[in-house]
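All remarks here apply to the structure that follows.
The values are calculated or read from the model by the stated rules, or taken from the named source; none is laboratory data. On a predicted model such as this, the values are computed, not experimentally measured, just so you know. As a convention, Cβ positions derive from the backbone with ideal geometry for all residues, glycine included, and neighbour counts pool all protein chains shown.
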Amino acid sequence: QVRVVESGGGLVLAGGSLRLSCAASGNIFTLDPMGWYRQAPGKQRELVAKITTGGSTDYADSVKGRFTISRDGAKNTVYLQMNSLKPEDTAVYYCNLWDLGRVYWGQGTQVTVSS
């Protein structure tokens, strides 16, 4: 079993920055890919960014150029650096991990961007 713990959400003014972290522990083989999704009220959960063990990344068009995903393999941790935040980035952000064909989700962390 894999345990997933997120941190780093909060309230920030538009234009500000936040950094989310997601640490996995437990019986891990390889975490590939690791990523972040978000869900705003009344909307479907959507992919924000993901990264493979090889370092390949994929971003939602709405966050390209503002968000950066990275990972620390030794720590089984994935990060999401969010800059130039906008009110429309307000959502619950969920860590998403794949290991040996199984998907694991974090508990979610709230990000609120105030104008």
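Below is a table of values for the structure above.
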item: In region 90-113, the residues that are farther than 16 Å from ALA40 by Cβ and of a type outside the set (Lys, Arg); result: CYS95, ASN96, LEU97, TRP98, ASP99, LEU100, GLY101, VAL103, TYR104, TRP105, GLY106, GLN107
item: Conditions (1) out of contact with any helix residue (DSSP H, G or I) (no Cβ under 9 Å at 6 or more places or on another chain); (2) modelled with pLDDT of 95 or more; (3) not in a strand (DSSP E or B); number of the one not met by GLN110; result: (3)
item: Residues of region 96-107 classified as outside any strand (DSSP E or B) and surrounded by fewer than 14 Cβ atoms within 10 Å (Cβ to Cβ), total; result: 3
